[in-house]
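Inspection log for the structure reproduced underneath, given as structure tokens.
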2 protein chains.
Amino acid sequence: MSTYHPLTEQEAINIARNIEQFFPADASLSCKEIGDGNLNLVFHITDSVSGKSLIMKQALPYAKVVGESWPLTLDRARIESEKLMLEGKLAPGLVPQVYQYDPVLSLTVMEDLSDHVIMRRGLIEGNEYPLFAGHISTFLANTLFFTSDLGMNQQEKKLQVKNFINPELCKITEDLIFDDPYTVSDNNNIEAAIEDAAAALRSNDALHLEVAILREKFLTKAEALLHGDLHTGSIFIKKDSTKVIDPEFAFYGPMGFDIGAIIANLLLNYAGQAFWTKDDADREAFRNELLNTIVSIWEQFHDKFLALWEAHGVDRLANEAKGYKEYYMKHVLQDTIGFAGAKMIRRIVGLAHVADIDRIEDAAIRNAAQRQALNIGTELIVRNRSIQSIYELIDIVKSN
Amino acid sequence: MSTYHPLTEQEAINIARNIEQFFPADASLSCKEIGDGNLNLVFHITDSVSGKSLIMKQALPYAKVVGESWPLTLDRARIESEKLMLEGKLAPGLVPQVYQYDPVLSLTVMEDLSDHVIMRRGLIEGNEYPLFAGHISTFLANTLFFTSDLGMNQQEKKLQVKNFINPELCKITEDLIFDDPYTVSDNNNIEAAIEDAAAALRSNDALHLEVAILREKFLTKAEALLHGDLHTGSIFIKKDSTKVIDPEFAFYGPMGFDIGAIIANLLLNYAGQAFWTKDDADREAFRNELLNTIVSIWEQFHDKFLALWEAHGVDRLANEAKGYKEYYMKHVLQDTIGFAGAKMIRRIVGLAHVADIDRIEDAAIRNAAQRQALNIGTELIVRNRSIQSIYELIDIVKSN
């Protein structure tokens, strides 16, 4: 048993060779490190004989973002691998298969998804994924229901809360999503041309109250085991397959945070697509399809979650109390809307932007897209606690 | 280092003799086991030479309630001692001092409070404690604020959540408070004469919806480190001193659960005192004083909590967002009202009753007190989410 150290490509090959019953005895393995080096090493290992391949992801003991570097716990590799394996059980086929986890090396060996593309990239290129709403709503309903007090033993759930306490990764979210965008912070990354809109975020009292309430929910509401970072960069996709990756931010939090993350990133693409790559008619059709996808995700999630509850609910009173299911789903929707807004705003004025918008070369068009995203995000947040239907979100989007 | 076993009185003396700098070298120690034997052994050890004394509390690996016995984790002794020590730091003078904790023996050595009486007993005897509202509001404000995301480092708070995961003790509350009273259960303990009122609890849809929502908060809302069982039997009192004991149910939950427990037990005494021991004028004066105490506890808690927030708030957005403090305190009040109602009802129809009411010998008077407690409890629960002021609670009490 070696101690922790960042692996070389040769060491990765040696480990791969010893994974039971994966590569044939006569395998000829090659390895390429394909990570961005900011948080993890990612080794892509292929056998030229059998054509088989796999991925090894090793956590690094630091994080680098936009040039800065700070120490970051290796425990996130344990959290990621355990969450991936749990997701694999609860939502089969919707995450990469985990072949092996090495706690000493903080190393997860998993399925190679090179035949998929990162969804953010696919959407930017204007691809449609008609099966996505079905896949992601199943992922959300299954992973959230069966880790909640509605769908699992309530004493074992408390032990899961304990197992997925994740202070360092949560801290990143607490700062970058629920604080910096609403104040003057060195972490912010604001284009000079939209400084007036950023200043408006900093002086909007109604917005601050709602963000404080959303922040409180993120800090205290241990509702279900979340992915915790479910944007379109955490999804591998192709026409017939969706794979959710990278759950290192997993922790027990409010369900709406995961659902809202997906919706926010579709809306960020919506704002980016409005001005980008395609002629007007196609563009409008694509944008409408994004909105249809959002409605479909919510509606399918809602129906699948309730079906699971009906079939597998463990909580007598929650199962039987008249009106409770409606109360519950309404609050999940409201949280979803609020968190979606917070996720949009942080991607415009916060530290980490999204390519959906940043890659627009024309500054005027880019800034208009940024303003649209901020306007939508702000209205989603300010109105979240009064939302009764997903169609109100669509109305908000269309009126901004 | 011995392994865990229930101590004899002689072993307790030997341990006491070795506690550093407590008893003098020439001490002549005697020991009496004074626990009820249902959950813990409690040794009272005195030195006839110096007059000094102490208490040793040892957890037993089982619980006995009303004749039944089931296994129960010894980890509760760790939780209790750690919570007691933390309370001692946060609310000095309001809990017994802990001299020593032995994790192997699940043994906490602490201050002897024999000069105090159990508050429930004191109230039943008609004693007034004019300093109590001040003491308990300080205890609540300090222990709840400084363990919440408002008053402590938010990453360290997550480690505290982990440290105080307490599934077995929470399960008792989940069953006995948030389930059994609202259904047919062998755990219930209902006098035949009020079976109609108990049946009404089982068929009240509006009540079930609110109890389901309160149960959800108990299960998911990791707001502050609670005592978890803060009734008047968990308080030692005398005219000038209040000491909160027995925090083995400690876990991270909604603040209103602790505050509501105190209020519920004062109201149970109120219902019991209405028909008991004193002439009419005195009785009314005593009852009014109980209601004044409740108002004073809430108002002092409110003011002290906000003062701590003003002076020590760690969350930028929570500190600065306009309207957030009012929003927060209103929700703590609403939770308090709802949990108070749930705590009252379980003491009338659930497994464990309270002497405040059960000791009324006249069956008609006792049943009338039970009905009053059920009526007040039901109305507190049904109305909890619309309550704006503690005076609405007083109105509810007076109208039932």
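Only beta bridges with both residues in the protein assembly as shown are counted; by DSSP, about 100 percent of them are antiparallel. Computed over neighbours whose Cβ is under 13 Å from that of A:Trp298, the net charge equals -3, Lys and Arg +1, Asp and Glu -1. Between amide H atoms placed 1.01 Å from N, distances below 5 Å from B:Asn189 occur with B:Gly350, B:Leu351, all of them 5 or more places distant or on a separate chain. Simple point charges give the picture: +1 on the Cβ of Lys and Arg, -1 on the Cβ of Asp and Glu, and for the protein assembly as shown a dipole about the Cα centre of about 220 debye. Applying 1/(1 + (r/R0)^6) with R0 = 41 Å to the Cβ-Cβ distance of A:Asn319 and A:Arg121 gives a FRET efficiency near 0.45. When only alpha carbons of region A:203-291 are considered, Rg and Dmax amount to 16.2, 46 Å.
Summing Lys and Arg as +1 and Asp and Glu as -1 over all other residues whose Cβ lies under 13 Å from the Cβ of A:Thr8 gives a net charge of -2.
About its Cα centre, the dipole of region B:117-398 is roughly 560 debye, where the only charges are +1 on Lys and Arg Cβ and -1 on Asp and Glu Cβ. Residue-wise HN-Hα couplings along region B:198-215, as the Karplus relation 6.51 cos²θ - 1.76 cosθ + 1.60 with θ = phi - 60° gives them from phi, are 5, 5, 5, 4, 6, 10, 9, 4, 4, 5, 4, 4, 5, 5, 4, 5, 5, 4 Hz; Gly and Pro carry x. Sorted shortest first, the distances from the A:Lys162 label point to those of the same residue in the other copies are 1.2 nm; each point sits 7 Å from Cα along Cα-to-Cβ. What residues in region A:310-328 lose 50 Å² or more of accessible surface when the other protein chains are added to their chain alone (1.4 Å probe)? By number: A:Arg316, A:Leu317, A:Lys322, A:Tyr324, A:Tyr327. When the charge dipole of chain A is built from unit charges on Cβ atoms (+1 for Lys and Arg, -1 for Asp and Glu) and taken about the Cα centre, the candidate among A:Leu209, A:Gly134, A:Tyr324 whose Cα reaches farthest toward its positive end is A:Tyr324.
In order along region A:8-15, phi translates into HN-Hα couplings of 8, 4, 5, 4, 4, 4, 4, 5 Hz, rounded to whole numbers, per the Karplus curve 6.51 cos²θ - 1.76 cosθ + 1.60 with θ = phi - 60° and x for Gly and Pro.
With helices as the sole contributors, the protein assembly as shown gives -16500 deg cm²/dmol at 222 nm; each DSSP H run of n ≥ 4 counts as -39500 (n - 2.57), and the sum is divided by every residue. Placing a label point 7 Å from Cα along the Cα-to-Cβ direction at A:Gly323 gives distances to the equivalent points in the other copies of 2.5 nm, listed shortest first.
Over all projection directions, the Cα-based convex hull of region B:1-113 averages an area of 7.6 nm².
Database remark: amide H of B:Phe251 closer than 5 angstrom to the amide H of B:Leu226 (H placed geometrically; neighbours at sequence offset of 5 or more, or on other chains; Pro and chain starts carry no H). Would you work out which of A:Leu72, A:Ile34, A:Ala91 lies farthest towards the positive end of the dipole of region A:9-111, given +1 charges on the beta-carbon of Lys and Arg and -1 on that of Asp and Glu, about the Cα centre? The listed residue farthest towards the positive side: A:Ala91. A:Glu87 sits among other residues whose Cβ lies under 12 Å from its own Cβ, and their net charge, with Lys and Arg +1 and Asp and Glu -1, is -1. Computed from backbone phi with θ = phi - 60° and the Karplus coefficients 6.51, -1.76 and 1.60, the 3J(HN,Hα) list for region A:356-371 is 3, 10, 4, 7, 5, 6, 6, 4, 5, 5, 4, 5, 5, 5, 4, 5 Hz; x is used for glycine and proline.
Dipole check for region B:9-111: with +1 at the C-beta of Lys and Arg, -1 at the C-beta of Asp and Glu, and the Cα centre as origin, the magnitude is about 160 Debye. For chain A, the relative contact order works out to 17 percent when only alpha carbon pairs closer than 8 Å and six or more residues apart are counted. Considering only A:Gln154, A:Gln370, A:Gln273, the Gaussian network model of chain A with Cα springs below 10 Å gives its largest mean-square fluctuation to A:Gln154.
Annotation: for a label point projected 7 angstrom from Cα along Cα→Cβ of B:Arg202, residues of region B:352-367 with backbone N closer than 18 Å are B:352. Distances from B:Gly126 to itself in the other copies, using label points 7 Å out along the Cα-Cβ axis, amount to 8.9 nm in increasing order. A cut-off of 5 Å between modelled amide H atoms, ignoring neighbours fewer than 5 places along the same chain, links A:Ile245 with A:Ile235, A:Phe236.
The values are calculated or read from the model by the stated rules, or taken from the named source; none is laboratory data. Predicted model only: the values in this text are computed from it and were never measured. Using ideal geometry, Cβ is built from the backbone for each residue, glycine included, and neighbour counts are taken over all protein chains shown. Calculation scope for accessible area: heavy atoms of the full protein, side chains included, ligands and nucleic acids excluded. Shrake-Rupley method; radii C 1.70, N 1.55, O 1.52, S 1.80 Å.
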